[in-house]
Amino acid sequence: MSVIENSKLTVVGAGSVGSSTAYAALIRGSARHVALYDIATEKVEAEVLDLAHGTQFTGTSDIVGGSDLSVVEGSHVVVITAGAKQKPGQTRIELASTNAGILRAMMPQLLEAAPNAIYVIVTNPCDVLTVLAQEATGLPPERVFASGTVLDTSRLRWLLARRAGVSTSSVHAQIIGEHGDTEFPHWSRATIGSVPILDWRPADGAPMTEAELEQIAVDVRDAAYTVIRGKGATNYAIGLSSARIVEAILHDEHAIMPVSTVLDDFHGISGVALSVPSIVSASGAAPIRQTDFSDRELDLLRHSADALRSVADSLRA
(Lines give C-alpha, C1' and ligand atoms only; values in the text may rest on other atoms or scores of the structure.)
Protein backbone atom coordinates (compact mmCIF):
# COMPACT_ATOMS: atom_id res chain seq x y z
CA MET A 1 0.00 0.00 0.00
CA SER A 2 1.36 3.44 -0.92
CA VAL A 3 1.74 6.50 1.25
CA ILE A 4 -1.66 7.99 2.10
CA GLU A 5 -2.14 11.27 0.24
CA ASN A 6 -3.84 14.26 1.89
CA SER A 7 -3.77 12.28 5.11
CA LYS A 8 -5.99 13.02 8.09
CA LEU A 9 -5.37 12.23 11.74
CA THR A 10 -8.09 12.70 14.33
CA VAL A 11 -7.22 12.74 18.01
CA VAL A 12 -10.16 11.91 20.27
CA GLY A 13 -9.93 13.62 23.64
CA ALA A 14 -8.71 17.18 24.24
CA GLY A 15 -7.13 16.57 27.61
CA SER A 16 -3.42 16.81 28.30
CA VAL A 17 -2.53 13.66 26.34
CA GLY A 18 -4.79 14.37 23.38
CA SER A 19 -3.70 17.99 23.07
CA SER A 20 -0.04 16.98 23.36
CA THR A 21 -0.56 14.35 20.64
CA ALA A 22 -2.12 16.93 18.31
CA TYR A 23 0.69 19.38 19.12
CA ALA A 24 3.38 16.76 18.42
CA ALA A 25 1.68 15.73 15.18
CA LEU A 26 1.55 19.34 14.00
CA ILE A 27 5.19 20.04 14.80
CA ARG A 28 6.41 16.78 13.26
CA GLY A 29 4.14 17.05 10.22
CA SER A 30 2.77 13.62 11.00
CA ALA A 31 -0.36 14.16 8.86
CA ARG A 32 -1.52 16.77 6.36
CA HIS A 33 -4.67 17.43 8.39
CA VAL A 34 -4.99 17.11 12.17
CA ALA A 35 -8.37 17.19 13.92
CA LEU A 36 -9.18 17.24 17.63
CA TYR A 37 -12.52 15.89 18.85
CA ASP A 38 -14.02 16.05 22.33
CA ILE A 39 -17.57 16.27 23.71
CA ALA A 40 -16.47 19.22 25.91
CA THR A 41 -17.17 21.99 23.41
CA GLU A 42 -15.51 24.95 25.11
CA LYS A 43 -12.39 22.98 26.02
CA VAL A 44 -11.80 21.47 22.56
CA GLU A 45 -12.50 24.73 20.76
CA ALA A 46 -9.99 26.52 22.99
CA GLU A 47 -7.32 23.87 22.39
CA VAL A 48 -7.86 23.98 18.62
CA LEU A 49 -7.68 27.77 18.61
CA ASP A 50 -4.45 27.75 20.61
CA LEU A 51 -2.91 25.19 18.25
CA ALA A 52 -4.17 26.98 15.15
CA HIS A 53 -2.50 30.20 16.26
CA GLY A 54 0.87 28.46 15.85
CA THR A 55 0.36 26.85 12.45
CA GLN A 56 2.53 29.47 10.76
CA PHE A 57 5.40 27.58 12.36
CA THR A 58 4.31 23.97 11.74
CA GLY A 59 4.87 23.54 8.01
CA THR A 60 2.09 22.05 5.91
CA SER A 61 -0.17 20.63 8.63
CA ASP A 62 -3.40 22.32 9.69
CA ILE A 63 -5.69 21.86 12.68
CA VAL A 64 -9.49 21.78 13.01
CA GLY A 65 -11.77 20.38 15.66
CA GLY A 66 -14.85 20.57 17.81
CA SER A 67 -17.51 18.57 19.63
CA ASP A 68 -19.49 17.43 16.58
CA LEU A 69 -18.75 13.87 15.47
CA SER A 70 -18.41 15.10 11.88
CA VAL A 71 -14.90 16.21 12.92
CA VAL A 72 -13.85 12.56 12.70
CA GLU A 73 -15.14 11.96 9.15
CA GLY A 74 -12.53 11.14 6.53
CA SER A 75 -9.87 10.13 9.05
CA HIS A 76 -7.16 7.70 8.02
CA VAL A 77 -5.99 7.27 11.62
CA VAL A 78 -7.91 7.88 14.83
CA VAL A 79 -5.92 8.12 18.05
CA ILE A 80 -8.10 7.68 21.14
CA THR A 81 -6.97 9.44 24.31
CA ALA A 82 -10.38 10.17 25.87
CA GLY A 83 -11.10 8.91 29.35
CA ALA A 84 -10.42 9.48 33.01
CA LYS A 85 -6.77 10.18 33.71
CA GLN A 86 -4.57 8.21 36.06
CA LYS A 87 -4.38 9.72 39.55
CA PRO A 88 -1.33 9.71 41.84
CA GLY A 89 -0.96 6.23 43.33
CA GLN A 90 -3.52 4.71 40.97
CA THR A 91 -2.54 1.85 38.65
CA ARG A 92 -3.61 1.77 35.01
CA ILE A 93 -5.68 -1.34 35.75
CA GLU A 94 -7.67 0.56 38.42
CA LEU A 95 -8.82 2.89 35.63
CA ALA A 96 -10.28 -0.01 33.68
CA SER A 97 -13.95 0.08 34.68
CA THR A 98 -14.49 3.80 34.09
CA ASN A 99 -12.66 3.96 30.79
CA ALA A 100 -14.14 0.69 29.49
CA GLY A 101 -17.60 2.22 29.70
CA ILE A 102 -16.46 5.34 27.86
CA LEU A 103 -14.79 3.33 25.11
CA ARG A 104 -17.68 0.91 24.57
CA ALA A 105 -20.06 3.82 24.03
CA MET A 106 -17.65 5.70 21.79
CA MET A 107 -16.23 3.09 19.42
CA PRO A 108 -19.35 2.32 17.34
CA GLN A 109 -19.91 6.06 16.81
CA LEU A 110 -16.32 6.62 15.73
CA LEU A 111 -16.42 3.65 13.40
CA GLU A 112 -19.56 4.97 11.74
CA ALA A 113 -17.88 8.34 11.18
CA ALA A 114 -14.56 6.87 9.98
CA PRO A 115 -15.23 3.31 8.77
CA ASN A 116 -11.89 2.88 7.00
CA ALA A 117 -9.61 4.31 9.67
CA ILE A 118 -6.97 2.56 11.71
CA TYR A 119 -7.62 3.04 15.42
CA VAL A 120 -4.82 3.52 17.96
CA ILE A 121 -5.86 3.25 21.62
CA VAL A 122 -3.83 5.39 24.01
CA THR A 123 -6.38 5.64 26.84
CA ASN A 124 -5.32 3.50 29.80
CA PRO A 125 -5.35 0.64 30.50
CA CYS A 126 -4.69 0.53 26.78
CA ASP A 127 -4.15 -3.24 26.47
CA VAL A 128 -7.47 -4.16 28.07
CA LEU A 129 -9.31 -1.41 26.20
CA THR A 130 -7.92 -2.65 22.89
CA VAL A 131 -9.51 -6.06 23.44
CA LEU A 132 -12.84 -4.41 24.29
CA ALA A 133 -12.60 -2.04 21.30
CA GLN A 134 -11.91 -4.92 18.93
CA GLU A 135 -14.87 -6.84 20.34
CA ALA A 136 -17.16 -3.78 20.16
CA THR A 137 -16.34 -3.03 16.53
CA GLY A 138 -15.54 -6.41 14.98
CA LEU A 139 -12.53 -4.81 13.31
CA PRO A 140 -9.64 -7.10 12.40
CA PRO A 141 -6.92 -6.91 15.09
CA GLU A 142 -4.46 -5.15 12.80
CA ARG A 143 -6.82 -2.16 12.50
CA VAL A 144 -7.38 -1.49 16.21
CA PHE A 145 -4.33 -1.63 18.45
CA ALA A 146 -2.76 0.19 21.36
CA SER A 147 0.26 2.44 21.61
CA GLY A 148 1.42 -0.22 24.05
CA THR A 149 5.02 -0.04 25.18
CA VAL A 150 6.33 2.30 22.49
CA LEU A 151 6.71 4.97 25.18
CA ASP A 152 8.12 2.51 27.74
CA THR A 153 10.67 1.43 25.15
CA SER A 154 11.70 5.04 24.61
CA ARG A 155 12.16 5.41 28.36
CA LEU A 156 14.29 2.26 28.42
CA ARG A 157 16.48 3.36 25.53
CA TRP A 158 17.00 6.80 27.08
CA LEU A 159 18.21 5.29 30.37
CA LEU A 160 20.46 2.76 28.64
CA ALA A 161 21.91 5.38 26.31
CA ARG A 162 22.83 7.64 29.24
CA ARG A 163 24.51 4.74 31.02
CA ALA A 164 26.34 3.46 27.93
CA GLY A 165 27.44 6.87 26.65
CA VAL A 166 25.83 6.50 23.22
CA SER A 167 22.93 8.07 21.34
CA THR A 168 19.44 6.78 22.06
CA SER A 169 19.07 5.67 18.44
CA SER A 170 22.05 3.32 18.89
CA VAL A 171 20.28 1.35 21.64
CA HIS A 172 18.23 -1.59 20.38
CA ALA A 173 16.03 -2.79 23.23
CA GLN A 174 12.30 -3.09 23.76
CA ILE A 175 9.79 -3.36 26.57
CA ILE A 176 7.39 -6.28 26.09
CA GLY A 177 4.01 -7.28 27.54
CA GLU A 178 1.52 -5.09 29.38
CA HIS A 179 1.84 -1.32 29.28
CA GLY A 180 1.92 -1.44 33.04
CA ASP A 181 3.13 -3.28 36.09
CA THR A 182 3.87 -6.67 34.46
CA GLU A 183 5.92 -5.26 31.55
CA PHE A 184 9.52 -6.37 31.11
CA PRO A 185 12.56 -5.67 28.91
CA HIS A 186 13.40 -8.09 26.10
CA TRP A 187 16.94 -8.41 27.45
CA SER A 188 17.80 -11.56 25.49
CA ARG A 189 17.79 -9.57 22.24
CA ALA A 190 18.96 -6.18 23.57
CA THR A 191 22.08 -4.67 22.02
CA ILE A 192 23.99 -1.43 21.84
CA GLY A 193 24.90 -1.18 18.20
CA SER A 194 25.49 -4.83 17.44
CA VAL A 195 26.98 -5.63 20.87
CA PRO A 196 24.92 -7.61 23.42
CA ILE A 197 24.10 -5.28 26.25
CA LEU A 198 26.12 -7.01 28.99
CA ASP A 199 29.15 -7.11 26.69
CA TRP A 200 29.18 -3.36 26.09
CA ARG A 201 32.22 -1.54 27.45
CA PRO A 202 31.74 2.21 27.96
CA ALA A 203 34.63 4.50 27.07
CA ASP A 204 35.00 5.32 30.76
CA GLY A 205 33.35 3.34 33.51
CA ALA A 206 32.46 -0.24 34.27
CA PRO A 207 30.21 -2.44 32.11
CA MET A 208 26.58 -2.84 33.13
CA THR A 209 25.65 -5.64 35.50
CA GLU A 210 22.51 -7.75 35.66
CA ALA A 211 21.56 -6.04 38.93
CA GLU A 212 21.90 -2.66 37.25
CA LEU A 213 19.72 -3.75 34.35
CA GLU A 214 17.07 -4.99 36.79
CA GLN A 215 17.01 -1.55 38.44
CA ILE A 216 16.70 0.14 35.06
CA ALA A 217 13.70 -2.11 34.30
CA VAL A 218 12.08 -1.02 37.58
CA ASP A 219 12.76 2.65 36.81
CA VAL A 220 11.11 2.26 33.40
CA ARG A 221 8.10 0.45 34.85
CA ASP A 222 7.59 3.10 37.53
CA ALA A 223 8.42 6.13 35.39
CA ALA A 224 4.79 7.14 34.85
CA TYR A 225 4.10 7.06 38.59
CA THR A 226 7.07 9.38 39.16
CA VAL A 227 5.87 11.87 36.55
CA ILE A 228 2.25 11.75 37.72
CA ARG A 229 3.30 12.29 41.32
CA GLY A 230 5.28 15.38 40.32
CA LYS A 231 3.04 17.07 37.72
CA GLY A 232 -0.28 15.24 37.70
CA ALA A 233 -0.08 13.57 34.28
CA THR A 234 2.24 12.24 31.62
CA ASN A 235 1.65 13.99 28.32
CA TYR A 236 4.65 15.14 26.27
CA ALA A 237 6.39 11.81 25.70
CA ILE A 238 3.18 9.89 25.04
CA GLY A 239 2.14 12.63 22.62
CA LEU A 240 5.42 12.28 20.74
CA SER A 241 5.32 8.48 20.69
CA SER A 242 1.70 8.50 19.47
CA ALA A 243 2.64 10.88 16.65
CA ARG A 244 5.47 8.55 15.70
CA ILE A 245 3.08 5.58 15.45
CA VAL A 246 0.78 7.67 13.24
CA GLU A 247 3.69 8.42 10.91
CA ALA A 248 4.53 4.75 10.56
CA ILE A 249 0.93 4.12 9.47
CA LEU A 250 0.45 7.08 7.14
CA HIS A 251 3.88 6.69 5.51
CA ASP A 252 3.44 2.91 5.16
CA GLU A 253 6.83 2.48 6.81
CA HIS A 254 6.67 -1.17 7.86
CA ALA A 255 8.45 0.03 11.00
CA ILE A 256 9.02 -2.40 13.85
CA MET A 257 7.44 -1.14 17.06
CA PRO A 258 6.22 -2.79 20.27
CA VAL A 259 2.55 -1.89 19.85
CA SER A 260 -0.23 -3.90 21.48
CA THR A 261 -2.54 -5.98 19.30
CA VAL A 262 -5.04 -8.71 20.20
CA LEU A 263 -2.88 -11.80 19.82
CA ASP A 264 -3.84 -15.04 18.09
CA ASP A 265 -1.64 -17.99 19.04
CA PHE A 266 1.46 -15.86 19.54
CA HIS A 267 3.73 -18.33 21.36
CA GLY A 268 0.50 -19.97 22.53
CA ILE A 269 -1.14 -16.73 23.71
CA SER A 270 -4.54 -15.71 22.30
CA GLY A 271 -7.36 -13.32 23.07
CA VAL A 272 -5.39 -10.66 24.97
CA ALA A 273 -3.60 -7.56 23.72
CA LEU A 274 0.09 -7.39 24.57
CA SER A 275 2.98 -5.40 23.19
CA VAL A 276 5.33 -7.50 21.11
CA PRO A 277 7.57 -6.48 18.19
CA SER A 278 5.16 -5.71 15.35
CA ILE A 279 5.29 -4.34 11.82
CA VAL A 280 3.38 -1.05 11.63
CA SER A 281 2.28 0.06 8.16
CA ALA A 282 -0.68 1.48 6.25
CA SER A 283 -2.42 -1.86 6.86
CA GLY A 284 -2.11 -1.49 10.63
CA ALA A 285 -0.03 -3.61 13.01
CA ALA A 286 1.05 -7.23 12.62
CA PRO A 287 2.99 -9.09 15.35
CA ILE A 288 6.28 -10.65 14.24
CA ARG A 289 5.69 -14.31 14.97
CA GLN A 290 9.34 -15.29 14.58
CA THR A 291 10.31 -13.22 17.66
CA ASP A 292 12.46 -15.29 19.99
CA PHE A 293 12.23 -15.14 23.77
CA SER A 294 14.20 -16.80 26.53
CA ASP A 295 12.31 -19.27 28.71
CA ARG A 296 12.10 -16.69 31.49
CA GLU A 297 10.79 -14.05 29.09
CA LEU A 298 8.10 -16.42 27.84
CA ASP A 299 7.04 -17.02 31.44
CA LEU A 300 6.86 -13.26 32.00
CA LEU A 301 4.85 -12.79 28.80
CA ARG A 302 2.36 -15.46 29.89
CA HIS A 303 2.14 -13.87 33.34
CA SER A 304 1.38 -10.52 31.71
CA ALA A 305 -1.28 -12.17 29.53
CA ASP A 306 -2.92 -13.86 32.54
CA ALA A 307 -3.04 -10.58 34.48
CA LEU A 308 -4.70 -8.71 31.61
CA ARG A 309 -7.10 -11.54 30.77
CA SER A 310 -8.46 -11.51 34.31
CA VAL A 311 -9.14 -7.77 34.11
CA ALA A 312 -10.86 -8.07 30.73
CA ASP A 313 -12.97 -10.97 31.99
CA SER A 314 -14.10 -8.93 35.01
CA LEU A 315 -15.22 -6.10 32.75
CA ARG A 316 -17.31 -8.48 30.63
CA ALA A 317 -19.09 -9.92 33.68
Residue within segment 96-108 that is under 24 Å from Ser281 (Cα atoms) and assigned to a strand (DSSP E or B) present: no
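Out of segment 263-280, which residues are under 21 Å from Ala31 (Cβ atoms) and open to solvent by 10 Å² or more (accessible area, probe 1.4 Å)? Don't jump to the end; show me each part of the working.
Within segment 263-280, the subset under 21 Å from Ala31 (Cβ atoms) is 278-280.
Ile279 - this is the single residue of segment 263-280 that is under 21 Å from Ala31 (Cβ atoms) and open to solvent by 10 Å² or more (accessible area, probe 1.4 Å).
Select, from His33, His53, the only residue that is touching a Ser or Thr at 6+ places or on another chain (Cβ under 9 Å) and of a type outside the set (D, E, K, R). Lay out the reasoning, then the answer.
Values: His53 fails: touching a Ser or Thr at 6+ places or on another chain (Cβ under 9 Å).
From the options His33, His53, the qualifying one is His33.
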Sole residue being within 13 Å of the chain's Cα centre (by Cα), crowded, with 24+ Cβ neighbours inside 10 Å and more than 22 Å from Gly239 (Cβ to Cβ), chosen from Gly177, Gly148: Gly177
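Only one residue in Thr10, Thr91, Thr98 is hydroxyl-bearing (Ser, Thr, Tyr), within 23 Å of Phe145 (Cβ to Cβ) and open to solvent by 40 Å² or more (accessible area, probe 1.4 Å), so which one is that?
Testing whether each residue is hydroxyl-bearing (Ser, Thr, Tyr), within 23 Å of Phe145 (Cβ to Cβ) and open to solvent by 40 Å² or more (accessible area, probe 1.4 Å) leaves just Thr98.
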Any hit, segment 254-273, residues being in contact (Cβ under 8 Å) with a residue 24 or more places away in the chain, polar (S, T, N, Q) and farther than 20 Å from Pro125 by Cα: no
Count of residues meeting criterion [within 20 Å of the chain's Cα centre (by Cα), outside any loop (DSSP other than H, G, I, E, B), farther than 12 Å from Ile176 by Cβ and not aliphatic (A, V, I, L, M)] in segment 276-299: 2
Residue within segment 282-299 that is modelled with pLDDT of 95 or more, surrounded by fewer than 19 Cβ atoms within 10 Å (Cβ to Cβ) and in contact with a Phe, Trp or Tyr (Cβ under 7 Å, 6 or more places away or on another chain) present: yes
Scope segment 192-217; condition of a type in the set (A, V, I, L, M, F, W, C) and either more than 24 Å from Val166 (Cβ to Cβ) or over 19 Å from the mean Cα position of the chain (by Cα) (or both); matching residues: Ile192, Val195, Ile197, Leu198, Trp200, Ala203, Ala206, Met208, Ala211, Leu213, Ile216
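Could you list, in sequence order, all residues of segment 47-64 that are hydrophobic (A, V, I, L, M, F, W, C) and open to solvent by less than 60 Å² (accessible area, probe 1.4 Å)? Outline the logic, then answer.
Taking segment 47-64 first, the residues hydrophobic (A, V, I, L, M, F, W, C) are 48-49, 51-52, 57, 63-64.
Val48, Leu51, Ala52, Ile63, listed by residue number.
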Residue within segment 23-35 that is over 15 Å from Leu240 (Cβ atoms) and either among the aromatic types (Phe, Trp, Tyr) or open to solvent by 30 Å² or more (accessible area, probe 1.4 Å) (or both) present: yes
Residue list for segment 182-210, filter: exposed (fewer than 15 other Cβ atoms within 10 Å of the Cβ) and under 30 Å from Val311 (Cα atoms): Ser188
Cβ pairs under 7 Å, 6+ apart, first in segment 46-67 and within 13 Å of Leu9 (Cβ to Cβ), second assigned to a strand (DSSP E or B) and among the hydroxyl-bearing types (Ser, Thr, Tyr): Gly65/Tyr37
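Within segment 217-262, track down each residue that is under 16 Å from Gly177 (Cβ atoms) and crowded, with 16+ Cβ neighbours inside 10 Å. Break it down stepwise before answering.
Just the residues of segment 217-262 that are under 16 Å from Gly177 (Cβ atoms), to begin with: 217-218, 220-224, 257-262.
Of everything in segment 217-262, those that are under 16 Å from Gly177 (Cβ atoms) and crowded, with 16+ Cβ neighbours inside 10 Å turn out to be Ala217, Val220, Arg221, Ala223, Ala224, Met257, Pro258, Val259, Ser260, Thr261, Val262.
Here are Ser75, Ser20, Ser67, Ser16: which of them is open to solvent by less than 60 Å² (accessible area, probe 1.4 Å) and in contact with a strand residue (DSSP E or B) (Cβ under 7 Å, 6 or more places away or on another chain)?
Going through Ser75, Ser20, Ser67, Ser16 in turn, the sole match is Ser75.
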Test: Arg157 is open to solvent by 50 Å² or more (accessible area, probe 1.4 Å) and more than 22 Å from Glu247 (Cβ to Cβ): no
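The values are calculated or read from the model by the stated rules, or taken from the named source; none is laboratory data. What you see is a predicted model; the values in this text were computed from it and never measured. No Cβ is skipped: glycine too gets one built from the backbone with ideal geometry, and neighbour counts run over all protein chains shown. Please note that ligands, DNA and RNA were not included when accessible areas were found on the heavy atoms of the full protein model with its side chains. Shrake-Rupley method; radii C 1.70, N 1.55, O 1.52, S 1.80 Å.
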